[in-house]
Amino acid sequence: MDIRSLSAPVIQDRSALEEFAEALTDLAPRIENDVALLRKTPGERDMIADLFRAVHNVKGDAALCKFELGVAIAHPIESMMSRFRDGDLPFSDLLAELILLAIDRLELATEALLGGRPLAQLHLEELVRGMERLADEPPEAIELRCAELIEAVTGFPPVIGEISARQPSGSGSPSRQASDRSADLTFFRALALQLESRSPLFKGRTMRILRLALETNRAGGQVVDPLQLEAAVYLHDLGMMLLPESVWLKVGKLAPEETLAMRKHPGYGAGLLERIPGWAEAARIVAQHHEMPDGAGYPQGLADAEIVPGAKILAIVDAFEAVMLKHIHRGRNRSVLRAIAEINACDRQFAPEWIAPFNQVIRKTMEH
């Protein structure tokens, strides 16, 4: 395949591409789950074999369906997994994040092709070229090259490997080791992915919210511990899964009793975090992310000074994601513009000191 045609591939057989899309819908969650488990136990041989087989099946299905783009993306992943299986390459958070990024871009590209939409914004040529180079890199260079490639393709520096590897400062228990916190974050992320699986509309929302929250925090002077903010993003909507699906997946206005039930969801995620040493600040962020500076939020009706900064950030990016989903039928650019307009118009719902950093991040995102 001419790699330069990755941004504008031709559909050779539409029915075959539809079959591939259907197969990928089954394989992608399996790959995501295997990656999450390997992050926790990277030496588990059966899990390594499962992940390798899943990626190999993606490549095989793509070849069978004459979908060269799928082969081009899956092949370098398979090459890296082969090195990991043979003990030549360590499995790391950054490598895991790159695999997830590649599978996500493959899904987006397949959907775009079937929908007749352009692929240029997915940066597929850069992704495939970068992964092909990575497959031949020496082990000591893999981490740096993964980080560079993730940022080149997404416009954002990687968050999982970068943050989980750091020892936290400020809040939390100083006796907690970095490896313990990394394991906690892997578990929290797995829970978030379970929530995503409940609705196709939620796919990818966790990482979108996480990147926006961390970038907004950086743009505002990094006043919130990134580890605590990351944990809060993963668990802020966990309580939704404890409510009837007829409530939290409802399209349209909630009945009064449904609204009361919905307002309980921050407490569940916060309650879990409170019971795990070292995540007290994350618990406060989750508990308060629906509070408003004017005191009209829930569950406690806190005023501006009582709300922690992390909760103010999460309130903005969570609302932005919700508005994006509401207007996504307008196309990405129009839905982004509509969401920005709605966020900036709600001067009493969101903390004004975080609106400017958020706008700065969105402008940077749109430029990419």
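Using the structure shown, decide if PHE188 is surrounded by 20 or more Cβ atoms within 10 Å (Cβ to Cβ) and either part of a loop (DSSP other than H, G, I, E, B) or at pLDDT 90 or above (or both). The answer is yes for PHE188.
For segment 57-78, the criterion of a residue being within 17 Å of the chain's Cα centre (by Cα) and either among the polar types (S, T, N, Q) or open to solvent by less than 50 Å² (accessible area, probe 1.4 Å) (or both) is satisfied by no position. Of the residues ILE276, ILE343, ILE362, the single one that is buried (at least 16 other Cβ atoms within 10 Å of the Cβ), modelled with pLDDT of 90 or more and touching a helix residue (DSSP H, G or I) at 6+ places or on another chain (Cβ under 9 Å) is ILE276. Exactly one residue out of ASP93, ASP104, ASP46 is under 29 Å from SER182 (Cβ atoms) and surrounded by fewer than 17 Cβ atoms within 10 Å (Cβ to Cβ): that is ASP46.
The residue pairs whose first member lies in segment 341-368 and is over 16 Å from LEU212 (Cα atoms), whose second member is buried (at least 16 other Cβ atoms within 10 Å of the Cβ) and at pLDDT below 80, and whose beta carbons are closer than 7 Å, counting only pairs six or more residues apart or on different chains, are GLU342/VAL323. Note on segment 194-206: residues that are touching a residue at least 60 places away in the same chain (Cβ under 8 Å) and open to solvent by less than 40 Å² (accessible area, probe 1.4 Å) total 2. Is segment 24-42 home to any residue that is over 27 Å from SER199 (Cα atoms), open to solvent by 60 Å² or more (accessible area, probe 1.4 Å) and modelled with pLDDT under 90? Yes, the conditions are met somewhere in segment 24-42. Of the residues making up segment 252-273, those that are within 27 Å of the chain's Cα centre (by Cα) and open to solvent by 60 Å² or more (accessible area, probe 1.4 Å) are ARG263, LYS264, TYR268.
Of all the residues in segment 14-53, those that are in a helix (DSSP H, G or I), over 23 Å from LEU113 (Cα atoms) and among the hydroxyl-bearing types (Ser, Thr, Tyr) number 0.
Evaluation of ASP180 against the conditions (1) in a helix (DSSP H, G or I); (2) at pLDDT below 75; (3) crowded, with 17+ Cβ neighbours inside 10 Å shows that the sole unmet condition is (3). Within segment 285-317, the set of residues being more than 12 Å from ALA351 (Cβ to Cβ), open to solvent by 20 Å² or more (accessible area, probe 1.4 Å) and under 27 Å from the mean Cα position of the chain (by Cα) comprises ALA287, HIS290, TYR298, PRO299.
Which residue pairs have Cβ atoms closer than 8 Å, lie 6 or more positions apart in sequence or on different chains, and pair a first residue in segment 286-305 that is among the hydroxyl-bearing types (Ser, Thr, Tyr) with a second residue that is modelled with pLDDT under 90 and open to solvent by 30 Å² or more (accessible area, probe 1.4 Å)? So the pair list comes out as TYR298/ARG263. Annotation note: Cβ proximity below 9 Å between a residue of segment 8-22 that is in contact (Cβ under 8 Å) with a residue 40 or more places away in the chain and of a type in the set (Phe, Trp, Tyr) and a residue that is part of a helix (DSSP H, G or I) and open to solvent by 100 Å² or more (accessible area, probe 1.4 Å) (sequence gap 6+ or interchain) occurs for PHE20/LEU64.
The values are calculated or read from the model by the stated rules, or taken from the named source; none is laboratory data. Keep in mind the model is a prediction, meaning the values are calculated, not measured. Glycine gets a Cβ as well: all are built from the backbone with ideal geometry, and neighbour counts include every protein chain shown. Heads up: the accessible areas ignore ligands, DNA and RNA and are worked out on the full protein's heavy atoms, side chains in. Shrake-Rupley method; radii C 1.70, N 1.55, O 1.52, S 1.80 Å.
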